[in-house]
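What follows is a set of notes on a single structure, which appears directly below.
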Amino acid sequence: MTDPRLLAALGLKPTIHEEERRASLRSVDRAVGELRRGDGVLVRPDGGPALLALAAESVTDRALALMRDATGTAPRLMVTRQRAAALGLIKDGPGVVVFEPTDPLDAALVRQASDPAAHPGPPDQGLSGLSAMPMRALPADSDDGAAAVVRLVKLARLLPAAVAAPVARPVASERLMARLDLLSVAAYDIAEYEAHAASSLGAVAEAAVPLDGAEATRIVAFRPTDGGQEHLALVVGRPDPAAPALVRLHSECFTGDLLGSLRCDCGDQLRGAVREIARAGSGVLLYLAQEGRGIGLVNKLRAYRLQDADYDTVDANEMLGFDADERIYLPAAEMLRRLGLTRVRLLTNNPDKVAQLARCGIEVVERVTHSFPANGHNEFYLGTKRRRSGHLL
């Protein structure tokens, strides 16, 4: 069973049964798969009508017409407030913006509104139709379904924008599901997905993997019960649960860790952390499946294109419609707990990691500096992390 202390840290009630949690995780995971395949899903909010939703990346004029015919209502465009702000339509902040067109949407406008590569400029350079539409700015915890739809697209690691058409009555929703073979998912399950997935993590495999400079290393793989992405713990030596362990939280970086990209310092940080933990005698490096600060590899490559157009790493993420940092630290906290560690010395230059891990119930007794010199390609990137993300040297 899930540790009730973790549930308390996550703000969850420990009364939810494990089978209910598994069903909740499965429904969201299946809905994510549908969106990634370009299919629609039915999102059921706590209040208001259900929404037939489709990721903006998959929109075609034919799909928009089918949505109108199936629901009898006009599809609406939903984007994050960050994306609407990047288009110059509203001030930045949390939440979503819903555009309610008086004329039918067309796929080209949806792509331009959601993808900076399709339309890099402000609305007066080609998106005047969007700026003229009635729009509603909603908080992130809105119960009308729009926030849940956009959150689901984010979980799918797609651009954070969608089109959705309301289905007015429950009976109509059931008929629509049967006729179109739609998956249905509750907005509550979408909102709680990451917390539920983290609390369900369990060790599924373990093996000794001697590393260069840290031969006494074993890797423990953790997987949530919905079969989602695994996170890895590189355990060096035998950390003493009674003492603060030296720990590094490392978000996976395909380009830096594996390819040796010079755009970032991730590869240096990964290998340097393993060496530092080995020198300390023992400790843990958590290798977290949170590519691109949680936006995924494809979106990170999109952000790189924007950085090549002179946006910094923070602005590039926000131009795409994401937060500057989309990572969560619930999986890291649960993995440490499963390893018997609740007090750590954290290898990081990011004070936010210290604060977030503490919020999840892990005591950080010391922040240990972990920095590497620039290489000629990443000075601007490292400077941005210091100036805008508060990283320390």
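The values are calculated or read from the model by the stated rules, or taken from the named source; none is laboratory data. Since the model is a prediction, treat every value here as computed from it, not as a measurement. Here the Cβ positions follow ideal geometry from the backbone for every residue, glycine too, while neighbour counts run over all protein chains shown.
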With the first residue restricted to region 247-265 and required to be closer than 24 Å to Ala333 by Cβ, and the second required to be in a loop (DSSP other than H, G, I, E, B) and of a type in the set (Phe, Trp, Tyr), Cβ contacts under 9 Å at 6 or more apart or on different chains are Leu249/Tyr329
All conditions in (1) in a loop (DSSP other than H, G, I, E, B); (2) in contact (Cβ under 8 Å) with a residue 24 or more places away in the chain are true of Val220 except (1)
Residues in region 183-217 that are of a type in the set (A, V, I, L, M, F, W, C) and in a loop (DSSP other than H, G, I, E, B) total 3
Checked Arg338, Arg279 against criteria (in the same structural domain as Cys253 (by TED's automatic domain parsing) and without any contact (Cβ under 8 Å) to a residue 12 or more places away in the chain); the one match is Arg279
Residue hits (region 186-237; touching a Lys or Arg at 6+ places or on another chain (Cβ under 7 Å), of a type outside the set (Asp, Glu), surrounded by fewer than 18 Cβ atoms within 10 Å (Cβ to Cβ) and more than 16 Å from Arg21 (Cβ to Cβ)) are Ala203, Val204, Ala207, Ala208, Val209, Gly213
- Query: Can you find a residue in region 71-80 that is assigned to a helix (DSSP H, G or I) and closer than 29 Å to Gly292 by Cα?
  - Reply: no
Only one of Gly283, Gly294 is more than 20 Å from the chain's Cα centre (by Cα) and surrounded by 15 or more Cβ atoms within 10 Å (Cβ to Cβ), namely Gly283
Those residues of region 172-185 that are buried (at least 20 other Cβ atoms within 10 Å of the Cβ) and not aliphatic (A, V, I, L, M) come to a total of 1
Among the residues of region 223-243, is any in the same structural domain as Ala205 (by TED's automatic domain parsing) and free of Cβ contacts under 8 Å to residues at least 12 places away in the same chain? yes
Going through region 300-340 in order, the residues found to be among the hydrophobic types (A, V, I, L, M, F, W, C), touching a strand residue (DSSP E or B) at 6+ places or on another chain (Cβ under 7 Å) and surrounded by fewer than 22 Cβ atoms within 10 Å (Cβ to Cβ) are Leu339
* Residue within region 144-154 that is surrounded by 14 or more Cβ atoms within 10 Å (Cβ to Cβ) and more than 22 Å from Val41 (Cβ to Cβ) present -> no
query: In this structure, does Thr2 turn out to be in a loop (DSSP other than H, G, I, E, B), surrounded by fewer than 23 Cβ atoms within 10 Å (Cβ to Cβ), at pLDDT 90 or above and more than 20 Å from the chain's Cα centre (by Cα)?
result: no
Checklist entry - Looking at Leu285, is it of a type outside the set (Gly, Ala, Ser), outside any loop (DSSP other than H, G, I, E, B) and not assigned by TED's automatic domain parsing to the domain that holds Ala147? => result yes
